[in-house]
1. If ALA105 satisfies every condition in (1) without any contact (Cβ under 8 Å) to a residue 24 or more places away in the chain; (2) open to solvent by 20 Å² or more (accessible area, probe 1.4 Å) but one, which is the exception?
2. With respect to the numbered conditions (1) over 30 Å from TYR22 (Cα atoms); (2) out of contact with any Leu (no Cβ under 8 Å at 6 or more places or on another chain), which one is the sole condition not fulfilled by ASN640?
3. Looking only at region 366-396, count every residue that is out of contact with any Asp or Glu (no Cβ under 7 Å at 6 or more places or on another chain), under 20 Å from PRO340 (Cα atoms) and open to solvent by 10 Å² or more (accessible area, probe 1.4 Å) and tell me the total.
4. I'd like the full set of residues that are in a strand (DSSP E or B) and modelled with pLDDT of 95 or more, limited to region 1-48.
5. Here's a check for you: in region 461-477, which residue that is touching a Ser or Thr at 6+ places or on another chain (Cβ under 8 Å) and closer than 17 Å to MET407 by Cβ is modelled with the lowest pLDDT?
6. So which residues in region 109-125 are closer than 15 Å to TRP79 by Cα and more than 26 Å from the chain's Cα centre (by Cα), if there are any at all?
7. Residue check: is ASP294 within 24 Å of ARG81 (Cβ to Cβ), modelled with pLDDT under 95 and touching a strand residue (DSSP E or B) at 6+ places or on another chain (Cβ under 8 Å)?
8. From the list LYS657, LYS596, which residue is open to solvent by 10 Å² or more (accessible area, probe 1.4 Å), in contact with a strand residue (DSSP E or B) (Cβ under 8 Å, 6 or more places away or on another chain) and either without any contact (Cβ under 8 Å) to a residue 12 or more places away in the chain or not aliphatic (A, V, I, L, M) (or both)?
Amino acid sequence: FIVIFFTFLLNFVFSILHPEEYVHPLAGTFTEGDVFSTGNTLPLIGRPWGFNHWAPQTTEQNRYSGSWWFKGSEHTLTWLRCTHQPSPWIGDWGYFLFSPIISGAGQEVTRNPEHYWEPRGAIIKPYLFDATVAPYNIRIELTPTDHAAVLRVTFPIKEVVSAGESALKQEKRICFIEAAWDNHGVIADTGGQYIKGRATQVHEDRMITSGFSMFILVESKEATDVDSHNDMTCLRFRNDAGSVIVRMATSFISHDQAKLNMRREVKNDKSFDQVSKESKTVWRNILKRVDVVDPGEHSEFASRNLAVFYTGLYRALMFPRRIDEFDANQQVVHYSPYDPHSQPGGPVKKGVLVTDNGFWDTFRTVYPLLSLAYPDHLAVIIQGWLNAYSEGGWLPSWASPGYRNCMVGTFADVVIADAIVKGVTGFDLMMAKDALLKDAFEEPPKFSDGAVGKVGLREYIDNGFLAYDQRGGEVVSRTVDYGFADFATAQALQALIARDEDNKVFDSQAKEDLQRKAKTLLERSQRAYSSLFNKQSGLLTPRSRSDSRLPAGFSAIEWGNGYTEGSPWHHSFPPYGIYTGNERELGKLVDLHGGKSKLLSKLKELLQTPSNFKFGSYGQQIHEMVEMRAVAMGQYGHNNQPCHHLLYLFALLGDSKSTQCLVRGVMSRAYGEDFYAGDEDNGEQGAWFVLSALGLFSVTPGTKSYVLGSPIFKHVRISRDEQQNQYQTFYDTDLSAEDPKGSIPVPLKLASKSLS
């Protein structure tokens, strides 16, 4: 049965009081990322969408140590790290490292200190890092704010005695590396020592501003001196020091702004425990926006689901990263890595700005989740992307910190279009329209090399697809992805027209022009998959400009060639070709298959085909191949986003039971408290679990609809704004949480108020 609860009843309903304690940041870190990924994550400490993240490091540090610098299975802790790494495949930028170091008088201060620990024995939460490390039993604690952090180190007070030697006179330091530490001195108002530095690491693609700097300010009242050892700069403390506090703040604008950020967020009269409590409260409030009021009967399985659920939600709220700051007048300002004329220390720009996001990964799950539960924050994020467009001329496809050439497609336009269609407000709609139209109709500059726009747009428009004899690799993926952007943009244009009933924004001529463009884009989107549909194989396959026959030697389990990180099975069922937002009419791809029943049979064939693969144009085994095989669901690859909508297609085609059973199976075996089925890219895997656990999935971004699945909790409350009174969804089912494949709940119905 279904019960719709009203707000005034909820005061009497128990809910999870501390969802932040269910978060396991170590999940996904027990991995050999380039061989077999179980997440490729970092145990990130930070605020939601925070300016900085902080994490422990288990490898030695040098300029060539790469992106896999933490593993949950390693028992040597070398440094803590201020990081901006969104993915190991992208790498870090604007980082610095620090660590407490004890040495004997006159002894060399080791560059890569070795502390010994068990990561699972430490407290690692979004708001706190707390570990006691050997051999000296040093306790290291860190708690973050948006632009700053407080470090508390508790040194042993008794002197260290080495075997067979007399007591050594301890020298106690906290040392910093991987930045230019070019200034230090005495703190004027409190005493103690400060250090100033600049972190300048950035991947300088063709469209990234050169000369980047992150300005760093470090202060400690307890420090007595600053000294240097090789490339390390160290705060020195008294030999009998016990607990010491270090405050760190950063800025992309200037050292003065970093100082302002420090005074505002971690001022001296605010204790470590106060900052930690504040950070914990921030996380509790944001996670309780998706409030598991009743997880069902208490069991080990229910506890596991809560951990995976709130860990996934935490991951989905870490990226993209807001890189704006508040100036002395409390105005939101930023340095822009998108503007080719922007220079560190130069004039700042007004408004919010965001970065560190791969839209290819996140458009399918993270942003629909934000639309559902956090539309107020999503509006700010979208305005940040629009400001990037305004300053750099294009929406990014991958951003870190500026434009990056990575993956195919232009899914920022899908994200923005989806928000428009779903009725999210609070961003510049006219700027959004302009950005969407530019991506849809303007060819990108050749020097961008894929970092912006649609590579081969003219060929795509002329042919209706990208041909392998004209464009080469990944032509099917690019074609289908361009079609998705066309479809979503068309829906957004129509939504903008429909909103303007009284012609206050668009006159009749402008509306006619937008209608023509929307019609053109819809036709392009249908032509994209129709041109590549091969009746013989029932799949979308590469073709030449003049010949639609199967390429010689075609294999449905061969990776690469026309497909990005996958095979024909993974890229042949674009949802916009099946569900277009019209409840009374399915998409043309259903007709190409010969109707719903035949398309359902093809999807079942995908699940029944053995999980074998051929290397194809990759020429070797890549980690995504073996991760797909390990899911053990035929050719379904939950390890990567192109498959993440596939199981919900059954419900769209009338087979809800298959969707519910299959989704339950994936939630059961493709997720755990310490692993994911593949790369957890910017929250994409975690958001899939959260949406599926809620029983809601936006199969076709660019439409208003969420497909109903199989909720795993008995009662969840979603509060769509900070006041928790704008819109709430309540439901109950007679579901048994004991059996992941068990009883199928009756279809979930939302409260009657529209999401828009």
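The values are calculated or read from the model by the stated rules, or taken from the named source; none is laboratory data. Bear in mind the structure is a predicted one, so any value in this text is a computation, not a measurement. For neighbour counting, all protein chains shown are included, and Cβ atoms are generated from backbone atoms with ideal geometry for every residue, glycine included. Heads up: the accessible areas ignore ligands, DNA and RNA and are worked out on the full protein's heavy atoms, side chains in. Shrake-Rupley method; radii C 1.70, N 1.55, O 1.52, S 1.80 Å.
1. (1)
2. Of everything listed in (1) over 30 Å from TYR22 (Cα atoms); (2) out of contact with any Leu (no Cβ under 8 Å at 6 or more places or on another chain), ASN640 misses just condition (1).
3. Result for region 366-396: 5.
4. Across region 1-48, the qualifying residues are PHE36, ILE45.
5. Once the filter is applied, the top-ranked residue is GLY473.
6. Matches in region 109-125: VAL109, THR110, ARG111, ASN112, PRO113, GLU114, HIS115, TYR116, TRP117, GLU118.
7. For ASP294, the condition - within 24 Å of ARG81 (Cβ to Cβ), modelled with pLDDT under 95 and touching a strand residue (DSSP E or B) at 6+ places or on another chain (Cβ under 8 Å) - is not met.
8. Testing whether each residue is open to solvent by 10 Å² or more (accessible area, probe 1.4 Å), in contact with a strand residue (DSSP E or B) (Cβ under 8 Å, 6 or more places away or on another chain) and either without any contact (Cβ under 8 Å) to a residue 12 or more places away in the chain or not aliphatic (A, V, I, L, M) (or both) leaves just LYS596.
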